[in-house]
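Undergrad: Let me give you the structure first, and then I'll get to my questions.
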Amino acid sequence: MPTTTMEQDIVATPQLAAQWARVRGRLQQEFGEVEYRTWLRQMTLVGLDGDEITVHLPTRFLRDWVRSRYGDRITALWHEENPDVRRVDIRFGPSTGAISGAEDGRAEDLSTPPAELPPMAPPLPIGRSRERAGEPRSELNAGLDPRFTFEGFVVGKPNEFAYACARRVAEQPSSAGFNPLFLYGGVGLGKTHLMHAIAWELLARERNGAWPVSVAYMSAEKFMYRFITALRSQATLEFKEQHRSVDVLMVDDLQFLIGKDNTQEEFFHTFNALVDAGKQIVVSADKSPSDMQGLEDRLRTRLSCGMVADLHSTTFELRMSILQAKAQRAGVPVPDKVMEFLAHKITSNVRELEGALNRLIAQANLFGRPVTLDATQEILHDILKAYERRVTIDEIQRKVAEHYNMRLTDMYSARRARNVARPRQVAMYLAKQLTSRSLPEIGRKFGNRDHTTVMHAVSRVGQLIEVDPSFAEDVELLRRMLEGGAGALQ
Ligand code: ADP
Ligand code: MG
């Protein structure tokens, strides 16, 4: 695998730095901004010695945490970037400054490839052909995240169709109507997870002797790097052969090819060759084929020929199920109230949601600190702040009505039954607390009530909070949810 050129490249610091930047970029993409900032940002690269990369972290605690939780992944990503790297030593040590990722807290923007492309790892065909070539299985799976299996995927309304399609392809690749399978949806909704799950499933079947399949999974970005590298080294024939000889080709984040005309063209030919030969293609993108402006028409057309499955934004229920599944797997008790709070607050991206939960779990594991609503707010202070924004009285009314299961119109109605009056008082109290509206203004919003009514509500709720802890917790939860940000109010 490694050539002389590659070995020479490795000792050159800029090459290593570029590889490191990409590894960090991938980590950031995979684990999300929150998790990356919390645990990984402070890693600095020390250097390469033989086949071992050394990375420093500034505390022992961070070192242990990163080692145990991310070590394998970091090694795998390094190996993908640079096949000569087989081990990554994560140590407690000072920041090396020169090749650090910590300066501005962001890894390089992956949407723009560096002008000078370092040599890339060979593709990741997993299956018989490589196995016969004597490659140990673990390396063949290096790019696939072991957590991304069908079993680890929580199915709910927003993703059940995409899940079913992925299952179907994994069980019966190249079946009519499912080729290509085009998965699309917003960031962090599970596209990559489903693609890896397909690969794992095919691998498991193969191991059970079901049928021999070779699977290649790569990002569109990687496809391009490989193609360009092949062009540069005049190895396009090998490139074509390699990519057209697999049974299942999966290319993730196809939107990356927009504007990359040559690579698009090559992908189109690869695509046709494979489909004509009865092989399965799976691609993912952030948009549907018809919305992929900038992608050649003929490619768009071919992409929509098979099955197009949309991963919709998550619902509150799905977010709760995901949190429950992940907390259970981690074996850390997380109270429902905390999960509800997170599921209400962090709505856009499962990766962020997971990152937040992991942070709570880490605190629980490392410091034996029970996960409470208070601890959550403290630990996630920085993330939650990012979700903060102005709250309106309308939103307060909506949220409170929803929470107490009453009709929104009863916020303005004259009804005085306790099950209506109490939530209304809570809403008034929160309006006073969370907005800058005056008592008369608030009164007007609640069916033209007098400002003294609002005043009474505010003091009554205040008293109840003092004497009734469960009521207090309810109000607190509502307050935090309302402060939580746009997505919190579905
Ligand atoms: P995408 O590729 O769509 O941006 P990913 O597949 O990388 O998103 O998912 C982001 C993270 O969220 C991953 O850690 C993934 O395991 C997790 N995730 C997303 N959807 C689900 C789900 N339905 N069940 C369990 N985990 C999920
Ligand atoms: Mg993805």
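Undergrad: Once you have the Cα-Cα distance between residue 304 and residue 407, take 0.36 nm times their residue separation minus that, and quote the gain in nm to one decimal.
TA: In short, 32.7 nm is gained.
Undergrad: A follow-up question, please. Evaluate the distance, in nm, between pseudo-label points positioned 7 Å from the Cα of residue 381 and of residue 444 along their respective Cα→Cβ axes.
TA: For the pair residue 381/residue 444, the computed spacing is 3.8 nm.
Undergrad: Related question: Using the per-residue mean of other Cβ atoms lying within 10 Å as a proxy for protection, in what order, highest first, do the peptides 458-471, 339-352 fall?
TA: 339-352, 458-471
Undergrad: A further question follows. Determine the gain in length on full extension of the stretch residue 262-residue 473; use 0.36 nm per residue of separation and subtract their C-alpha separation, reporting nm with one decimal.
TA: 70.1 nm
Undergrad: Okay, moving on. Per the Cauchy relation, a quarter of the hull surface: what is the mean projected area of the convex hull of the alpha carbons in the stretch 393-485, in nm²?
TA: Value for the stretch 393-485: 5.3 nm².
Undergrad: Here's something else I'd like to know. Out of 427, 364, 451, whose Cα points farthest toward the positive end of the dipole of the stretch 354-452 (charges: +1 Lys, Arg; -1 Asp, Glu; placed on Cβ)?
TA: About the Cα centre, the residue reaching furthest to the positive side is 451.
Undergrad: What accessible area per residue, rounded to a whole number of Å², is obtained for the stretch 268-359 using a probe radius of 1.4 Å?
TA: Roughly 39 Å² per residue, with all protein chains present.
Undergrad: Sort 67-75, 263-271 by the packing proxy (mean of other Cβ within 10 Å over each peptide's residues), most packed first.
TA: The most tightly packed comes first, giving 263-271, 67-75.
The values are calculated or read from the model by the stated rules, or taken from the named source; none is laboratory data. Please read these numbers as outputs of a predicted model, since none were measured by experiment. FYI the Cβ positions are ideal-geometry reconstructions off the backbone, even for glycines, and counts take in every protein chain you see. To get the accessible areas, we keep the full protein, side chains included, count just its heavy atoms, and leave off ligands, DNA and RNA. Shrake-Rupley method; radii C 1.70, N 1.55, O 1.52, S 1.80 Å.
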